[in-house]
Amino acid sequence: MGNHLRGKIQQLFPKWTHLRDQYRWERRWLNPEFSPFWKTDEPQKEILGAVASGWFPKNQAVIDLGCGSGEICRWLAGQGFAVLGLDYSAAAIASARRLSAPYPDALTFKIADLCRENLQLEPAFSLIDRGCFHRIAKGLRPVFARNIAEATLEGGHFLLIAGTFQDARVVNHRAIPPSNDFENTWRKYSAITSSSNERKPLS
Ligand SMILES: C[S@@+](CC[C@H](N)C(=O)[O-])C[C@H]1O[C@@H](n2cnc3c(N)ncnc32)[C@H](O)[C@@H]1O
């Protein structure tokens, strides 16, 4: 299916696209063999930087949006943060809970669809999204952005990591839009104060 047709389907049927994507994620997370290239226990340099510089202050809770099986949550818990991991896949949350048994006090996982209107999350100072927002259907991105803006405490920090892998499967992925698309959406619904784009085309 071409990009144009795919875009049209997303545009005409955003809710259907959303339900189909959710179904696909559930199927993936239910598969015990699911081992995508982006799944890693190693935190990315942006996360290391946010913690080392105090941009994510240690005395504040963190929300991990689209946490999958919770690798980032566990790493943050190991650094002393209280973390809430959210994902719309029940199988992902079950796996995150199972793998996080050694951190019973620092970690909470909940099933939540970040594209649900008026989600009303308990606001936190620090939020992170690695790889969730960049696959949200265009028509639903404003809802997602509004939910996250409302879930961020005044002056809080949101780290959005999107399409940063220098891997052909990400760089050339038909469903991952250019990063200025993200910035434009976020600028509309939240007060973005800084951003960086390190995504380069593979030669
Ligand atoms: C590429 S994975 C990244 C997982 C994790 N953040 C990581 O870096 O390992 C994207 C995750 O976002 C979740 N997701 C996608 N759309 C979502 C939505 N609308 N609400 C909640 N979770 C969502 C998927 O179920 C999946 O676990």
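Scanning the range 130-161 for residues that are in contact (Cβ under 8 Å) with a residue 40 or more places away in the chain, assigned to a strand (DSSP E or B) and among the charged types (D, E, K, R) yields a single hit, R130. Residues of the range 81-120 being out of contact with any strand residue (DSSP E or B) (no Cβ under 7 Å at 6 or more places or on another chain) and under 17 Å from L153 (Cβ atoms), which ones? Result: A82, L119, Q120.
Scanning the range 75-89 turns up at least one residue that is polar (S, T, N, Q) and surrounded by 12 or more Cβ atoms within 10 Å (Cβ to Cβ). A single member of A92, A96 is part of a helix (DSSP H, G or I), free of Cβ contacts under 8 Å to residues at least 40 places away in the same chain, touching a helix residue (DSSP H, G or I) at 6+ places or on another chain (Cβ under 9 Å) and under 24 Å from F144 (Cα atoms), and it is A96.
One line per residue, one yes/no per condition, for (1) more than 12 Å from the ligand (Cβ to nearest atom); (2) over 25 Å from Q11 (Cα atoms):
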{"site": "C73", "(1), (2)": "no, yes"}
{"site": "A96", "(1), (2)": "no, yes"}
{"site": "D105", "(1), (2)": "yes, yes"}
{"site": "K110", "(1), (2)": "no, yes"}
{"site": "D113", "(1), (2)": "no, no"}
{"site": "Q120", "(1), (2)": "yes, yes"}
{"site": "H134", "(1), (2)": "no, no"}
{"site": "G139", "(1), (2)": "yes, no"}
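Taking the range 125-146 as the range and being crowded, with 20+ Cβ neighbours inside 10 Å and more than 14 Å from D87 (Cα to Cα) as the test, the residues that pass are S126, H134, A137, L140, R141, V143, A145.
Looking across the range 1-44 at every residue that is of a type in the set (K, R) and away from the ligand (no atom under 14 Å from the Cβ), the one that is farthest from L99 (Cα to Cα) is identified as K8. Listed conditions (1) more than 10 Å from the ligand (Cβ to nearest atom); (2) more than 26 Å from L153 (Cβ to Cβ) are all met by F125, apart from (2). Looking across the range 60-102, just one residue is farther than 29 Å from R24 by Cα and touching a Gly at 6+ places or on another chain (Cβ under 9 Å), and that is Q60. In the condition set (1) more than 20 Å from L84 (Cβ to Cβ); (2) near the ligand (Cβ under 10 Å from one of its atoms), I47 is compliant with all but (1).
Here is the figure for the range 75-115: residues that are among the charged types (D, E, K, R) and under 15 Å from the mean Cα position of the chain (by Cα) total 3.
Readers should treat all values here as calculations from the given coordinates under stated rules, not as data from a laboratory. Since this is a predicted model, take the numbers as computed values, not measurements. Cβ coordinates were reconstructed from backbone atoms using ideal geometry, including for glycine residues, and neighbour counts include every protein chain displayed.
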